[in-house]
Amino acid sequence: MKTRWRIPGSLDGLLVGAIIVVLWEVGVRVGNVPNYLLPPPSAIAQRMVQDIGSILYHTAATTLEVMIGFALAIIVSIPLAAALAQMRTVERMLYPVLVASQTIPKVAIAPLLVVWFGFGLAPKVLIAFLICFFPIVVDSLIGFRSAPKEVSWLARSMGTTRWQNFINFQIPAALPHIFAGVKVASTLAIVGAIVGEFVAADRGLGYQLIVANGALDVTLSFTVLVVLSLLGVLLYALVDMVERWALPWHVSQRAIEGDGR
Amino acid sequence: MSAALSLSSVGKIYQAKSGPVQALDGIDFSIGEGEFLSILGPSGCGKSTLLSLASGLEFPTSGNVALSGKPITHAVTDIGIVFQTDVLLEWRRVLDNVMIQPQIRGLDMKLYEQKARDLLALVGLTGFEDKYPHELSGGMRQRVSICRALIHDPPLLLMDEPFGALDALTREQMVMELHLLWLRTRKSVMFVTHDIQEAILLAQRVLVMTPRPGRIAEIVEVDLPFPRKPETMETRRFVELVAHVRHLFERHGVLKKY
Ligand SMILES: Nc1ncnc2c1ncn2[C@@H]1O[C@H](COP(=O)(O)OP(=O)(O)O)[C@@H](O)[C@H]1O
Ligand SMILES: [Mg+2]
């Protein structure tokens, strides 16, 4: 069989990223765009090296808020969804409240949270938590309900107890959906923490962004934005890795494997 | 001979969104201990419904269903079911899909693992024990689900079009394997199919159904000698029985007359 040389699938994303960076750099230089409007990637890289100390300091602060809020959301949402899935009436009563609460923009309540919980870690963690909470609950709930009728019939014909049913059928069937929700949440967690820092903070990438904007230091603003998106990508990749490890049987990976042949 | 499973004047009405659907009406029959009964009918005539009533997964709207003389009030657990879809658990490897039965039932896992391997070998799946279901073809998947229905050695086996997804060659082979297995173990079997030849080749009696609502057209005695073989299908008696069932379907408008 003839084999054509192909770019390994895992490098596709990196390749596109590299192309964007090159186009950006060339565009800025050829078009003579001034640094205070759009700095080229080289200037951003330079700035990153130069200010590495303060950037790492603020990155650490934001990462801490993100991780706590994100972890809290996972710890609370999944068991809540699992419980709701067992009790249809409770779900019917609580679900509209959940949806209604979700229509309130987190940005709008951020100042309130600062009033309630002060300027420290708590309000940022809380906003990150609130913003992550909903997608995980919704997807997990779908997951815990995803077993088709025949699966519950099979379970009943074996005489499963409710607990056996939950452990052996509901949880494994729910996991792909749970991971989908957690992935969405992983990107939102950072948004939440930054919103909190915008309102009131003395550290964190959101704080650094506000400072840079105030000083019209566009290069620093872009540097922070780049760090933020890297942080987001890393967190997403972490969840993806855990998923691959935990669900080797899962459909979405099946599709990717099939694509590679 | 006491009846393993008996249904008397059973009717089943589903409450669908579009209104009530009468799936079964006036169903009367029993399966004796060790008997192989085929249920034959076109799709939508209530075969799957019959199976879910027999297993206590659904309950009749009228009439009675009894197992060894006792009315069924709960899901029957002393039973092996092969559903119309294979219902494999995607997150479990092939062997573990079969082993779910002994695991849930709290049986000796070591002992049953060997049994599971033997069963998988019997249906030609040696070497696939550690594959995930999505790595198997439709026919292989259904064979795994047959192993899962057999592993705990149930006295009553319910099979809902188990070979429907198989290609013709594998199908003939599986039919013969099932026949040999039944001759060896003499379980009571309720075998649902829409294939006339398959129904006759395997069974001692064939219950022929008509649709909407599902009723019994006739229960046909299959007086063919055992063991049956693929060649049995070439015998005169077999051909007569097939023709008889075909005429039944024609008379009830299931098959068109040409
Ligand atoms: N859960 C259900 N709700 C409503 N109608 C149903 C349900 N299950 C089956 N039916 C209807 O009952 C009839 C018999 O269905 P089924 O037993 O699946 O037939 P078969 O297995 O012979 O194809 C069909 O008309 C079908 O649409
Ligand atoms: Mg059916």
Open item on the list: Given the condition modelled with pLDDT under 95, within 16 Å of ligand 2 (Cβ to nearest atom) and at positive phi, answer yes or no: does some residue in the stretch B:196-217 qualify?
Closed with: yes
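Condition check ((1) within 24 Å of the chain's Cα centre (by Cα); (2) more than 15 Å from A:ILE142 (Cα to Cα); (3) not hydrophobic (A, V, I, L, M, F, W, C)) across all residues:
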| site | (1), (2), (3) |
| --- | --- |
| A:ALA73 | yes, yes, no |
| A:ALA81 | yes, no, no |
| A:ARG88 | no, no, yes |
| A:ARG92 | no, no, yes |
| A:ILE104 | yes, yes, no |
| A:VAL107 | yes, yes, no |
| A:VAL115 | no, yes, no |
| A:GLY118 | no, yes, yes |
| A:LYS124 | yes, yes, yes |
TODO: For the stretch B:106-131, enumerate the residues that are within 26 Å of B:VAL192 (Cα to Cα) and either open to solvent by less than 60 Å² (accessible area, probe 1.4 Å) or within 14 Å of chain A (Cβ to nearest Cβ) (or both).
DONE: B:ALA116, B:LEU119, B:LEU120, B:ALA121, B:VAL123, B:GLY124, B:LEU125
Open item on the list: So B:HIS134 passes all but one of these: (1) crowded, with 18+ Cβ neighbours inside 10 Å; (2) within 14 Å of chain A (Cβ to nearest Cβ); (3) in contact (Cβ under 8 Å) with a residue 40 or more places away in the chain. Which condition number does it fail?
Closed with: (1)
Task: Residues satisfying the stated conditions in the stretch B:25-46, i.e. over 21 Å from B:ASP78 (Cβ atoms), open to solvent by less than 60 Å² (accessible area, probe 1.4 Å) and more than 8 Å from ligand 1 (Cβ to nearest atom) - done: B:ASP25, B:GLY26, B:ILE27, B:SER38, B:LEU40
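Residues that are free of Cβ contacts under 8 Å to residues at least 40 places away in the same chain and under 30 Å from B:SER52 (Cα atoms): find the helices (runs of 4 or more DSSP H) completely inside the stretch A:51-160 holding 1 or more of those.
Details: elements: A:52-86, A:88-103, A:106-117, A:121-144, A:149-157.
It comes to A:52-86, A:88-103, A:121-144, A:149-157.
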- [ ] Would you tally the residues in the stretch B:197-244 being within 16 Å of ligand 1 (Cβ to nearest atom) and open to solvent by 10 Å² or more (accessible area, probe 1.4 Å)?
- [x] 8
TODO: Could you tell me which numbered condition A:PRO172 fails, if it satisfies all but one of (1) under 22 Å from A:VAL76 (Cα atoms); (2) at the interface with chain B (Cβ under 8 Å from one of its Cβ atoms); (3) touching a helix residue (DSSP H, G or I) at 6+ places or on another chain (Cβ under 6 Å)?
DONE: (3)
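Condition test on B:SER18, is it surrounded by fewer than 21 Cβ atoms within 10 Å (Cβ to Cβ) and within 16 Å of ligand 1 (Cβ to nearest atom)?
Numbers: surrounded by fewer than 21 Cβ atoms within 10 Å (Cβ to Cβ): yes; within 16 Å of ligand 1 (Cβ to nearest atom): yes.
So B:SER18 passes the test.
Looking at the stretch B:54-68, is at least one residue of a type in the set (Asp, Glu), away from chain A (no Cβ under 14 Å) and within 13 Å of ligand 1 (Cβ to nearest atom)?
Just the residues of the stretch B:54-68 that are of a type in the set (Asp, Glu), to begin with: B:58.
When the remaining residues are screened for being away from chain A (no Cβ under 14 Å), the result is none.
No: the stretch B:54-68 contains no residue that is of a type in the set (Asp, Glu), away from chain A (no Cβ under 14 Å) and within 13 Å of ligand 1 (Cβ to nearest atom).
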TODO: Among the numbered conditions (1) in contact with a Lys or Arg (Cβ under 7 Å, 6 or more places away or on another chain); (2) more than 14 Å from chain B (Cβ to nearest Cβ); (3) open to solvent by less than 30 Å² (accessible area, probe 1.4 Å), tell me where A:MET158 comes up short.
DONE: (2)
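Listed here are the residues, each with its yes/no results for (1) among the acidic types (Asp, Glu); (2) part of a loop (DSSP other than H, G, I, E, B); (3) closer than 19 Å to B:VAL144 by Cβ.
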site: B:GLU172; (1), (2), (3): yes, no, no
site: B:LEU181; (1), (2), (3): no, no, yes
site: B:MET190; (1), (2), (3): no, no, no
site: B:ILE216; (1), (2), (3): no, no, no
site: B:LEU224; (1), (2), (3): no, yes, no
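From A:PHE198, A:PHE166, A:PHE129, which residue is surrounded by fewer than 20 Cβ atoms within 10 Å (Cβ to Cβ), closer than 27 Å to A:VAL115 by Cα and among the aromatic types (Phe, Trp, Tyr)? Steps first, answer last, please.
Details: A:PHE166 fails: closer than 27 Å to A:VAL115 by Cα; A:PHE129 fails: surrounded by fewer than 20 Cβ atoms within 10 Å (Cβ to Cβ).
Criteria check complete, one pass: A:PHE198.
Could you please let me know if A:LEU15 is surrounded by 13 or more Cβ atoms within 10 Å (Cβ to Cβ) and not charged (D, E, K, R)?
Values: surrounded by 13 or more Cβ atoms within 10 Å (Cβ to Cβ): no; not charged (D, E, K, R): yes.
Taking the combined requirement at face value, the residue does not satisfy it.
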Task: Scan of the stretch A:31-44 for residues that are in a helix (DSSP H, G or I) and open to solvent by 40 Å² or more (accessible area, probe 1.4 Å), ordered by number - done: A:SER42
Task: For A:ARG47: the one exception among (1) at pLDDT 95 or above; (2) buried (at least 18 other Cβ atoms within 10 Å of the Cβ) - done: (1)
Open item on the list: With the structure loaded, tell me whether A:ALA174 is closer than 30 Å to B:ALA149 by Cα, among the hydrophobic types (A, V, I, L, M, F, W, C) and in contact with a Gly (Cβ under 7 Å, 6 or more places away or on another chain) or whether it fails that test.
Closed with: yes
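Assess whether A:VAL182 counts as being away from chain B (no Cβ under 12 Å) and at pLDDT 95 or above. Break it down into steps so the answer makes sense when it comes.
Values: away from chain B (no Cβ under 12 Å): yes; at pLDDT 95 or above: yes.
Criteria met by A:VAL182.
Mind telling me which of the residues B:PRO60, B:PRO42 ends up being over 24 Å from B:PHE163 (Cβ atoms) and of a type outside the set (Val, Ile, Thr)? Walk me through how you get there before you give the answer.
Working: B:PRO42 fails: over 24 Å from B:PHE163 (Cβ atoms).
Only one candidate qualifies: B:PRO60.
The values are calculated or read from the model by the stated rules, or taken from the named source; none is laboratory data. Predicted model only: the values in this text are computed from it and were never measured. Cβ: placed from backbone, ideal geometry, glycine included. Neighbour counts: every protein chain shown. Ligands, DNA and RNA are excluded from the accessible area calculation, which covers all protein heavy atoms including side chains. Shrake-Rupley method; radii C 1.70, N 1.55, O 1.52, S 1.80 Å.
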